[in-house]
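Engineer: Have a look at the structure that comes next, please.
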Amino acid sequence: MSVEVKEQTEAVPFLGDGDGVKKPVEEKPEKIEVDVELIDKDTSGGFWIFKGPTLQRLATGTIFVTVFGITSCFMAMSFAYFNSTMTTLEKRYKIPTKVLGVLSTGNDISAMFSSIIIGYYLRNVHRPRWMGLGFLIITVFCIMNASLHFLYGAGEDALKLTHEFGNQNMTGNSTSSLSSSQLCTSEKTNCHMDIESWSPIIILFVAQLILGIGAGMVIIVGVAYMDDNTAKSKAPAMLTLSTFLRMMGPSAGYLLSSQCLKLYIDPRLRPLIKNTDPRWMGAWWLGYILLAVITLLSAFVIALFPRELPSAKARRLKQAKTDEPDPNDKHKAHSVSDMWKSVKGLAANKVYVYNMAASIVYFFGYNVYWTFSQKYIEMQYRQSASVASMASGPVPLSFSAVGVVLSGYVIYKFKPGARAIVSWNVIVDFLTVAGILCYSLIGCKDSDQLGSMATTSNSCSASCHCDYAFYSPICSPNNVTYTTACHAGCTAMSKDPFDNDRKIYTGCSCISAPNITDTDVSHWQTAVGGHCPVDCTQQFYIFLVVMCFLKLVGASSKSTNFLISLRCIPPEQKSFGLGLGSMVTSLLAFIPSPIFYGWLIDKYCLVWGKTCSNKGNCWLYDTYSLRYVLNYTAATFVLLGGFCNIFVWYYAKHLQIFDENEETKLSLKRKEENILQGLGSTLQLEIKEEKL
């Protein structure tokens, strides 16, 4: 998974930095005057000809946080765009779903290992320029993905479905020669030579590895730079601003893919099919060109910031004059034995262990809806890739954003105790299980019937040699869809005289006539190109409502879970404990989960796009069985997470969430307000009595 497919819920507004929950500051923050003499090579922004007093005036903490949030939004767009175009990549390069699962873990694998190196070695460097390098690496990721289209083209399968190439094959033969492999024949058909093989898959995986490294450089270095160059009193507001801007990225990425997938894979050609046809391949590569330009500009802008902001240097020098320790200089060298002691200490921390276990099984179960939600909508409710992208991104993610902000505000306002927070986590887990079970009940009968008809096991078409027939569904007069004309036993094809784009198939011996007294059944043994009409609109909208509810509720629990994770670790082990938890969660949840669910989805495939080298991608699934198995499996893992949270609730009875001093101050303040209100009421009564 990516920074954005995990929904950007790790950072929580209103919670301040990682050391504690920030409270409203009663006194005015101290104003730091920046002396002109402080402007040196470390605090001077820009490079080459891009520098000057105008640029220097923009080197402030607020400007950096704004720019960092916007550029991080563009980075999150890259993650989301890849996820939303995976189904098109699957069809274009004939990739099985389990291989797609492996591809989606590439950025997690590289980020997990590179983050340790980045966090350790990039503490004393020009961090904005290293962030710029991170964005350049993300630009390379976008260029590598887009280059696949220019290296391998639109593909023969997509070209066959256009006006320009629909009447001839790649060697210039006639229509009848091209279509013969799709019809019932007594001779064995040759397999399709897949000249691309594994090369596109390797390029996609390497690009994902590169993306993880670039994103790690941007996030880890950027957050550290923001923390070191921002006044602690402003941390909550700055964190809220950057989080809000970053959370817009996934929605924008899905929105961009939705628009690109409306166009045919080669926009210069005129397709014979509509974008609702399952064979439609959108212009998946187009968005990467735009993203490459945007991330390249982001690299340039973020690199203009100085090594240290002038206001931060002024604050640091003032602390040095007053002999105050710099809060950022808390790092010290640790030996391997010290690290092992920390691991044993954290392993004995039952709240930490059970909370991590709850997160692992929850993410393992729910990860299928982050990675394959678009594919699920396409195959279960027969929606186009463009509509599925819109339904997977901007709509539900807006509810996630609301859930994060609301939960952060409630915690900030009411300051619940540890057990109250964990209780909400348990409730959310059980509500999520109930919602996932509802998914299994929201099925579309018309879509399920597409999988009930006929495939290669049909005894009637066994003699037609349909093993390598390209997926091209046809609809019979009795409203039954067949995967190809070959599977229907059709022996001839012609064009519809009233619609030049539609094909008519005749002599379809495997199409059974209805039980009527009709001596001439030949008119029943015909079919038209394309699958039979399927209307799953109502079920799709019901599914969308349930999904938005789960996004809203689930996002609210991420804030509370984040707070428990912070408070259950001793301050001296906080950085290590959070890093260890992130690594273990990636190893046991984010990396294996997409691979497992990809394998599970492929188990229920009915029609494969076979080639000479492999079985290709899946064109048709047993949607009825898959809906129950997939959702029940996910619900089981989420339920286990709920049980783990019950143990967290039990052991968190002595866990302190807020500082006692601040809670006492808040209580005294409220008492003072009540006393003043009482005195005010008494004075008002006395004044009224005097007037009387």
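The values are calculated or read from the model by the stated rules, or taken from the named source; none is laboratory data. In this text the structure is predicted, and so the values were computed from the model without any measurement. Don't worry about glycine lacking a Cβ; one is built from the backbone with ideal geometry, like all the others, and counts go over all protein chains shown.
Engineer: What pairs come up if the first residue lies in region 250-269 and is in the same structural domain as MET77 (by TED's automatic domain parsing) and closer than 18 Å to ARG92 by Cα, the second is in a helix (DSSP H, G or I) and among the hydrophobic types (A, V, I, L, M, F, W, C), and their beta carbons are under 6 Å apart, counting only those six or more places apart or on different chains?
Structural biologist: So the pair list comes out as SER258/MET390; CYS260/LEU286; LEU261/ALA385; ILE265/ALA158.
Engineer: Test of understanding: among VAL433, VAL402, which residue is at pLDDT 85 or above, farther than 24 Å from CYS644 by Cα and β-branched (Val, Ile, Thr)?
Structural biologist: After applying the criteria, what remains is VAL402.
Engineer: Further, regarding this structure: Is it true that ILE49 is at negative phi, modelled with pLDDT of 75 or more and surrounded by fewer than 17 Cβ atoms within 10 Å (Cβ to Cβ)?
Structural biologist: no
Engineer: Is it the case that some residue within region 600-617 is at pLDDT 90 or above and either in contact with a Lys or Arg (Cβ under 8 Å, 6 or more places away or on another chain) or outside the structural domain of GLN380 (by TED's automatic domain parsing) (or both)?
Structural biologist: Yes, that holds for at least one residue.
Engineer: Among the helices (runs of 4 or more DSSP H) lying completely within region 40-104, list those that include at least 3 residues that are touching an Asp or Glu at 6+ places or on another chain (Cβ under 9 Å) and assigned by TED's automatic domain parsing to the domain that holds GLY155.
Structural biologist: Filter on region 40-104 gives 61-84, 86-92, 97-104.
Engineer: Do we find a residue being among the aromatic types (Phe, Trp, Tyr), free of Cβ contacts under 8 Å to residues at least 12 places away in the same chain and part of a helix (DSSP H, G or I) anywhere in region 134-145?
Structural biologist: No, there is no match, as no residue in region 134-145 is among the aromatic types (Phe, Trp, Tyr), free of Cβ contacts under 8 Å to residues at least 12 places away in the same chain and part of a helix (DSSP H, G or I).
Engineer: Hey, can you tell me all the residues within region 615-629 that are surrounded by fewer than 23 Cβ atoms within 10 Å (Cβ to Cβ) and over 19 Å from THR483 (Cβ atoms)?
Structural biologist: TYR628, VAL629
Engineer: LYS610 passes all but one of (1) in a helix (DSSP H, G or I); (2) closer than 30 Å to LEU450 by Cα; (3) among the charged types (D, E, K, R); which number fails?
Structural biologist: So LYS610 meets the others, but not (1).
Engineer: Check PHE399 against each of (1) within 17 Å of the chain's Cα centre (by Cα); (2) crowded, with 21+ Cβ neighbours inside 10 Å and name the one condition it does not meet.
Structural biologist: (2)
Engineer: Here is a further query. Only one residue in ALA158, ALA154 is farther than 30 Å from VAL65 by Cα, at pLDDT 70 or above, of a type outside the set (Asp, Glu) and in a loop (DSSP other than H, G, I, E, B), so which one is that?
Structural biologist: So the residue among ALA158, ALA154 that is farther than 30 Å from VAL65 by Cα, at pLDDT 70 or above, of a type outside the set (Asp, Glu) and in a loop (DSSP other than H, G, I, E, B) is ALA154.
Engineer: Which number in (1) buried (at least 24 other Cβ atoms within 10 Å of the Cβ); (2) over 24 Å from ASP277 (Cβ atoms) marks the one condition that MET379 misses?
Structural biologist: Only one criterion is unmet by MET379, namely (2).
Engineer: Just to be sure, is LEU291 buried (at least 18 other Cβ atoms within 10 Å of the Cβ) and within 23 Å of the chain's Cα centre (by Cα)?
Structural biologist: Yes: the conditions hold for LEU291.
Engineer: Let me ask another. Out of curiosity, is PRO533 part of a helix (DSSP H, G or I) and out of contact with any Asp or Glu (no Cβ under 6 Å at 6 or more places or on another chain)?
Structural biologist: In short, no.
Engineer: Identify, from the list ALA358, ALA312, the residue that is modelled with pLDDT under 75 and either at positive phi or buried (at least 20 other Cβ atoms within 10 Å of the Cβ) (or both).
Structural biologist: Being modelled with pLDDT under 75 and either at positive phi or buried (at least 20 other Cβ atoms within 10 Å of the Cβ) (or both) holds for just one of ALA358, ALA312, which is ALA312.
Engineer: Mind checking which residues of region 481-501 are buried (at least 23 other Cβ atoms within 10 Å of the Cβ), part of a loop (DSSP other than H, G, I, E, B) and among the β-branched types (Val, Ile, Thr)?
Structural biologist: THR483, THR484
Engineer: Which pairs have Cβ atoms under 7 Å, sit 6 or more apart or on different chains, and link a residue in region 383-407 that is closer than 30 Å to LEU563 by Cβ to one that is outside any helix (DSSP H, G or I)?
Structural biologist: From region 383-407, the pairs are LEU397/GLU7; SER400/GLU7; SER400/THR9; VAL404/THR9; VAL404/VAL12; VAL404/PRO13; VAL405/PRO13.
Engineer: Can you pull out the residues in region 434-448 that are over 20 Å from PRO533 (Cβ atoms) and surrounded by fewer than 19 Cβ atoms within 10 Å (Cβ to Cβ)?
Structural biologist: ALA434, LEU437, CYS438, SER440, LEU441
Engineer: If I filter region 450-477 down to residues being at pLDDT below 80 and under 25 Å from TYR381 (Cβ atoms), which single residue comes out as surrounded by the fewest Cβ atoms within 10 Å (Cβ to Cβ)?
Structural biologist: Looking at residues that are at pLDDT below 80 and under 25 Å from TYR381 (Cβ atoms), I get SER452.
Engineer: Does SER180 satisfy being modelled with pLDDT under 70 and on the phi < 0 side of the Ramachandran plot?
Structural biologist: yes
Engineer: Checking the structure you have, find out if any residue of region 510-519 is surrounded by 13 or more Cβ atoms within 10 Å (Cβ to Cβ) and at pLDDT below 80.
Structural biologist: yes
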